[in-house]
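Step one of this worksheet: look at the structure below.
Since every read-out is calculated from the coordinates, none of them should be taken as a lab result. Just so it is clear, the model here is predicted, and its values are computed rather than measured. Heads up, the Cβs are rebuilt from the backbone with ideal geometry, glycines too, and the neighbour counts pull from every protein chain shown.
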């Protein structure tokens, strides 16, 4: 009896293992139709690619979402909606979008941004921005006469620049700080202000007020220094992203130029 039962037992174990293996490959079985586990991994990757983290605690929610989709898809199929013109059009648009996305991804894989390109771009950035930074103060008023009077008061020593700025300056961003504009590149200011500021040395107050669209400026330069630029490693990701976008734009323009459109 034992010898006769052994083959049956082995067969049962093997069949059970096969059934277990098949079950493990599916997320669920909905109305008799298996839902592959690959859908779970694909949806999870899609969520993660959008920048969101997907902790393990979300797995049940993702599973429920996939099962719900399968239920709804089966119902749509029963109603013959797969054959509707609207569905076919949307599917074609989705196919085009995915294929184009794959094209761009393939291009970037084959044409990655190199460290040499990043370094060259950084060097251009440094060359374009290696100037001076100014720490200036200003008092903004509405009339030229009042601006001239303020200059006279400051130069005579009867009043302090900071005190006048706090009381009279029309610039709400700097008035409360005695007119302090903090460190900045001259290019940050309107041209009229920049032109007047660049004529001043450290510690000097403008002899005449500068006129801009905002009013009349009395300017004092507190300090001047070499521009502080970020290190390559600090902005490497931003440069790489910028160069990647430039390559992609050029790739698209090249394809458009080669295409024959009638």
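Would segment 132-226 count as rounded, prolate or oblate if I go by the C-alpha gyration tensor, calling it rounded below 1.5 in a/c and otherwise prolate when a/b exceeds b/c, oblate otherwise?
In terms of gyration-tensor shape, rounded.
Explain nothing, just the number: relative contact order of the chain, from Cα pairs under 8 Å at least 6 residues apart, as a whole percent. Mind dumping the intermediate values first?
Numbers: 246 pairs, mean separation 45.0, N = 262.
Dividing the mean separation by the residue count of the chain yields 17 percent.
How far is helix 115-129 tilted, in degrees, relative to the longest principal axis of the Cα atoms in the chain, given as a value from 0 to 90 rounded to the nearest 10?
It works out to around 20 degrees.
Quick check: the angle from helix 232-258's long axis to the longest principal axis of the chain, C-alpha only, nearest 10 degrees?
It is inclined by approximately 70 degrees.
Which stretch or stretches of segment 130-158 have amide N atoms under 19 Å from the point lying 7 Å from residue 202's Cα along the Cα→Cβ direction?
131-138, by backbone N distance to the label point.
Over all Cα pairs of the chain, how is the pair count split among 10 Å bins, expressed in % and running from 0 up to the last occupied bin?
5, 15, 14, 13, 14, 13, 11, 7, 3, 2, 1, 0, 0
How much length is gained on full extension from residue 211 to residue 94, taking 0.36 nm per residue of separation minus their Cα-Cα distance?
Result: 36.4 nm gained on full extension.
Computed over the Cα atoms of segment 26-108, what is the ratio Rg over Rh, Rh following Kirkwood?
Working: Rg = 15.4 Å, Rh = 15.0 Å.
Ratio value, two decimals: 1.03.
Run the numbers on segment 99-202 and let me know its relative contact order in percent, using alpha-carbon pairs under 8 Å that are six or more apart.
Values: 80 pairs, mean separation 29.0, N = 104.
Computed value for segment 99-202: 28 percent relative contact order.
Using 1/(1 + (r/R0)^6) with R0 = 22 angstrom and r between the beta carbons of residue 120 and residue 227, what's the FRET efficiency to the nearest 0.05? Show your work: numbers first, answer last.
Numbers: r = 20 Å, r/R0 = 0.90.
So, using R0 = 22 Å, E works out to roughly 0.65.
When the chain is fully extended, how far beyond the present Cα-Cα distance does residue 109 get from residue 43, taking 0.36 nm per residue of separation?
Details: separation 66, 0.36 × 66 = 23.76 nm, distance 2.28 nm.
Gain on extension, residue 109 to residue 43, equals 21.5 nm.
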